[in-house]
Amino acid sequence: MELGVIGKPNVGKSTTFNALTLLDAAMAPYPFTTTVPNRGSGAVRVRCPHGEKGAACDPGNARCVDGFRWVPVTLIDVPGLVPGASEGKGLGHKFLDDLRAADGFLHVIDGSGGTSPEGEIVTPGRFDPAEEVGWLEQELVAWIAEILSRDFARHVRSVELEGAKVEEFLGARLTGLSITPAEVSAALRVVPVDRERPSNWTAEDRRRLAAALLHAAKPRVLAANKCDRTTPEKMAELGERVAPLPLAPTSAEAELTLRRATRAGLVRYTPGAGTFETAPGASLSPPQERALSEVRALLARWGSTGVQAALENLVFGALHRIAVFPVEDETRWTDSKDRRLPDVFLVPTGTTAHQFAYRVHTDLGTNFIRAIDGRTHRALAADHPLTDGAVVRIVARK
Ligand SMILES: Nc1nc2c(ncn2[C@@H]2O[C@H](COP(=O)(O)OP(=O)(O)OP(=O)(O)O)[C@@H](O)[C@H]2O)c(=O)[nH]1
Ligand SMILES: [Mg+2]
């Protein structure tokens, strides 16, 4: 699963990315620090069912800590977008093409209102953070409309002369955008265009279609960053104004401090937690003491740094992912090498047993016979939707 970290310049996208990946992408208090996309791996938590077997698991793809598996997700941090980026302002918007395959976006905003649309730092409260939600969305719509329009005139023939379905025509225009045929159909239902004559579509038709596709295919969660510079009351009020987009107050700087201090062996901290402890025997310098006591005060005020919550809100809330554990032995929950619960997959809610088989391995999908529920030991039909936390054996022809 791929997720884009987007937003205007200087709001803390790379700080959020570094906190989640523990990489060292450049961060600085001026706009356009990031000039090319950074890719890395973050992780989201799902409960590990190993306790039900009274035995430890043998994780392959997602380590297990205190009963939770940390499932990797790919994060892509991109340069900042400014109003008019689609017309070449700032660094333009070409880099968004790196986000074509992204399943959703973490949109980082300056929740303290202390950054101008062009990324200049100003006194917190000078700008209304809700504004960057609106214009950034228009920039994303312009990007999708542009992809939709590439080679448009040449290809309308397929519909108008060769009788192709408009869904197929649009699907072909949008290849690589990770937009499903169902999402294309959903967009076409909201935007009534002339299905037989795409050459009659106006620029406005294409823009409205792009907006509907963005809504259907690229869910977003707002990370209202720099919460350390504002109040919970102001954030709550902002959350109401940007609804229905979900908003999580974050302090990427605090999260990065905690994760780096954990890596350095100075503190014990689980991402997402509301507390941390100084590691036994750790000797902290006075600046480290100060930084950590500021973080402690932030946690007391906000409950957590919000960064892990924002990511998980995107994956489990906006993107409706559930966790499914494939096994080869439905009683012992092991694979052929006797590893217990080696893998866990994040799949969309509603994924059927057969679709899941394809996800694990194409051969398992092609040769699918049935699935077996690891808890009830009952057979699951091909079209049976899997539940969150399911342990499943796929039975396939050899
Ligand atoms: N107060 C505060 N400052 C933060 C926080 N997160 C990031 N910053 C600061 O904001 C500035 C910009 O951070 P970056 O992560 O480089 O921002 P960016 O959005 O990636 O910026 P560009 O790549 O230039 O678009 C840096 O000085 C960070 O230290 C935060 O939670 N609180
Ligand atoms: Mg950056």
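Tabulated values for the structure
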| read-out | value |
| --- | --- |
| Checking Ala62 against (1) closer than 23 Å to Gly317 by Cβ; (2) within 12 Å of ligand 1 (Cβ to nearest atom); (3) in contact with a Lys or Arg (Cβ under 8 Å, 6 or more places away or on another chain); (4) not acidic (Asp, Glu), the condition it does not meet | (2) |
| Single residue of Val71, Val46, Val78 found to be at pLDDT 95 or above and farther than 24 Å from Ile322 by Cβ | Val78 |
| Scope segment 84-103; condition in contact with a helix residue (DSSP H, G or I) (Cβ under 6 Å, 6 or more places away or on another chain) and surrounded by 22 or more Cβ atoms within 10 Å (Cβ to Cβ); matching residues | Ala85, His93, Leu96 |
| Cβ pairs under 6 Å, 6+ apart, first in segment 91-104 and touching a residue at least 40 places away in the same chain (Cβ under 8 Å), second assigned to a helix (DSSP H, G or I) and of a type in the set (Gly, Ala, Ser) | His93/Ala85; His93/Ser86; Gly104/Ala318 |
| Only listed residue being among the small types (Gly, Ala, Ser), farther than 30 Å from Ala261 by Cβ and more than 29 Å from the chain's Cα centre (by Cα), chosen from Ala282, Ala396, Ala357, Ala382 | Ala396 |
| Where a residue in segment 216-230 is on the phi < 0 side of the Ramachandran plot and surrounded by 23 or more Cβ atoms within 10 Å (Cβ to Cβ) and its partner, wherever it lies, is part of a loop (DSSP other than H, G, I, E, B) and among the hydrophobic types (A, V, I, L, M, F, W, C), with Cβ under 6 Å and at least six apart | Leu222/Leu245; Asn225/Val11 |
| Residues of segment 35-83 classified as in contact with a helix residue (DSSP H, G or I) (Cβ under 9 Å, 6 or more places away or on another chain) and surrounded by fewer than 13 Cβ atoms within 10 Å (Cβ to Cβ), total | 5 |
| Residue within segment 296-313 that is closer than 24 Å to Leu386 by Cβ, part of a loop (DSSP other than H, G, I, E, B) and among the hydrophobic types (A, V, I, L, M, F, W, C) present | no |
| Residues located in segment 2-34, provided they are surrounded by fewer than 18 Cβ atoms within 10 Å (Cβ to Cβ) and more than 9 Å from ligand 2 (Cβ to nearest atom) | Glu2, Leu22, Leu23, Asp24, Pro29, Tyr30 |
| Qualifying position, being in contact (Cβ under 8 Å) with a residue 24 or more places away in the chain, among the hydroxyl-bearing types (Ser, Thr, Tyr), surrounded by fewer than 20 Cβ atoms within 10 Å (Cβ to Cβ) and out of contact with any Leu (no Cβ under 9 Å at 6 or more places or on another chain), among Ser199, Ser158, Ser185 | Ser199 |
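Residues checked against (1) out of contact with any Gly (no Cβ under 7 Å at 6 or more places or on another chain); (2) on the phi > 0 side of the Ramachandran plot:
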| residue | (1), (2) |
| --- | --- |
| Asn10 | no, yes |
| Ala19 | yes, no |
| Ala26 | yes, no |
| Val44 | yes, no |
| Arg47 | no, no |
| Gly51 | no, no |
| Gly54 | yes, yes |
| Asp66 | yes, yes |
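The values are calculated or read from the model by the stated rules, or taken from the named source; none is laboratory data. Quantities reported herein were computed from a predicted structural model and do not represent experimental measurements. Note that each Cβ is placed from the backbone with ideal geometry, even for glycine, and that neighbours are counted across all protein chains shown.
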